[in-house]
RNA sequence: AGUCUGGUUCUUGAGUU
């Protein structure tokens with residue numbers, strides 16, 4: 001059963017609905033972990049309706065199943081669904097509370113998140129880390145450091161995620177020197193660590209340091225490339241940005257949007273429009289960027305016609 | 001021993017503690 005579940009879990013991680021469903025139905029027996037893996041798959045692919053249906057078909061629910069539903073709503077549903085379920089659940093643990101808090105943070109409801117955080121019966125490393133990230137995001141240094149104090153007082157050892165959160169937090173709070181100290185102190189680093197320190201230098205306007213970090217990195221992903229591109233764009237280094245963009249091994253939507261912003265911000269609306277038309281997909285960020293570019297140029301006609309043709313507006 | 005849920009990094013603009 002555990003072997004079956006392991007394979008099922010792998011499909012869930014990859015988001016392979018067909019294979020997972022097939023496997024699930026072919027399994028000689030199933031336990032809660034099997035059902036919960038299927039729920040995890042619905043979280044991954046973001047199918048709230050199917051997920052609900054699946055949940056209702058389950059013979060029993062344990063806390064993980066309830067938390068999975070909570071997480072499905074948190075990531076792909078509405079906040080009121082999260083809260084309704086949270087209060088209706090037969091049991092809650094620290095994970096349940098953390099899911100709710102994260103949902104509130106994602107929706108920028110910091111006050112509410114903080115109230116929940118203070119109300120929960122127990123804090124662990126993950127809940128504190130989520131709260132610390134929120135404080136840094138809100139620019140609240142005092143509360144950020146308060147949460148760090150609490151983390152240091154806990155039994156649980158800091159893990160890499162928490163260290164990365166702290167590093168990024170100081171970067172968001174504008175304390176680049178603190179970032180340097182922490183980065184040097186870190187015994188273990190992963191790709192996120194490197195991406196965070198790269199973005200930290202970029203945010204601080206230390207483009208040379210950002211470039212040096214980039215060159216030193218053993219491994220790079222889309223975030224790495226886009227972070228450096230965005231750094232060039234933010235510092236009006238359009239030529240460098242274009243050269244980097246052209247040399248990139250792969251691009252995702254964030255990358256295209258960053259380049260688009262580079263053109264738009266420098267008044268190169270023709271180039272921006274060409275790039276926009278060449279984009280494999282576009283989202284609200286892309287639309288707003290182009291719209292803002294024309295707006296800034298006083299090109300009301302183009303802005304208006306783009307606005308009228310937008311599939312989504314916010 | 002090994003399987004299921006929560007926390008960290010990159011893009012536009014507006015708004016909010």
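Across chain A, the mean sequence separation of Cα contacts (distance under 8 Å, 6 or more residues apart), normalised by length, yields a relative contact order of 7 percent. Rg and Dmax, both from the Cα atoms of the range A:25-175 and both in Å, are 17.0, 56.
D for chain A, whole µm²/s, Stokes-Einstein with Kirkwood Rh over alpha-carbon pairs at 25 °C and 0.890 mPa s: what number?
Values: Rh = 22.3 Å.
Approximately 110 µm²/s, per Stokes-Einstein.
Cα extents for the range A:109-150 along the principal axes, largest to smallest and rounded to whole angstrom: 26, 22, 14.
Compared with the direct C-alpha span, the chain from residue A:305 to residue A:25 gains 95.7 nm at full extension, assuming 0.36 nm per residue.
Spin-label model, residue A:150 to residue A:63: label points 7 Å out along the Cα-to-beta-carbon direction sit 1.9 nm apart. If the Kirkwood radius is taken over C-alpha pairs of the range A:268-314, then at 10 °C and 1.306 mPa s the Stokes-Einstein diffusion coefficient equals 148 µm²/s. Largest GNM mean-square fluctuation among A:288, A:302, A:168, using chain A with Cα springs under 10 Å: A:302. Give the calculated FRET efficiency between residue A:243 and residue A:283 to the nearest 0.05, with a Förster radius of 22 Å applied to their Cβ-Cβ distance. Taking R0 as 22 Å, the efficiency between residue A:243 and residue A:283 is 0.30. Between the range A:77-130 and the range A:245-300, what's the alpha-carbon centroid distance in Å? So the two Cα centres are separated by 36 Å. Axis angle, to the nearest 10 degrees, between helix A:253-265 and the longest C-alpha principal axis of chain A: 30 degrees.
Given the Cα-Cα distance of residue A:91 and residue A:79 and 0.36 nm per residue of separation, how much length would full extension add, in nm? List each step's numbers first, then the result.
On the way: separation 12, 0.36 × 12 = 4.32 nm, distance 1.92 nm.
Fully extending the segment from residue A:91 to residue A:79 adds 2.4 nm.
Distance from the alpha carbon centroid of the range A:148-167 to that of the range A:192-229 works out to 23 angstrom.
For every helix of n ≥ 4 consecutive DSSP H residues, a contribution of -39,500 (n - 2.57) applies; sum these over chain A, divide by its total residues, and give [θ] at 222 nm rounded to the nearest 500 deg cm²/dmol.
Details: 20 runs with 235 residues, N = 314.
Taking each H run of at least 4 residues, the total per residue is -23000 deg cm²/dmol.
Across the range A:41-118, the relative contact order, built from alpha-carbon pairs under 8 Å that are at least six residues apart, equals 25 percent. Per the Debye formula on identical point scatterers at the alpha carbon atoms of the range A:122-256, with no solvent, log10 I(q)/I(0) at q = 0.12 Å⁻¹ is -0.50.
Which order results if A:212, A:265 are arranged by neighbouring Cβ count within 10 Å, fewest first?
Numbers: A:212 13, A:265 17.
By the 10 Å Cβ count, ascending, the order reads A:212, A:265.
Size descriptors for the range A:64-137, from the alpha-carbon set: Rg then Dmax equal 11.1, 33 Å.
Values quoted throughout were computed directly from the atomic coordinates according to the rules given, and no laboratory measurement underlies them. Only a predicted model underlies this, so the values are computations on that prediction, with no experimental measurement involved. Please note: Cβ atoms are built from the backbone with ideal geometry, for glycine as well, and neighbour counts cover all protein chains shown.
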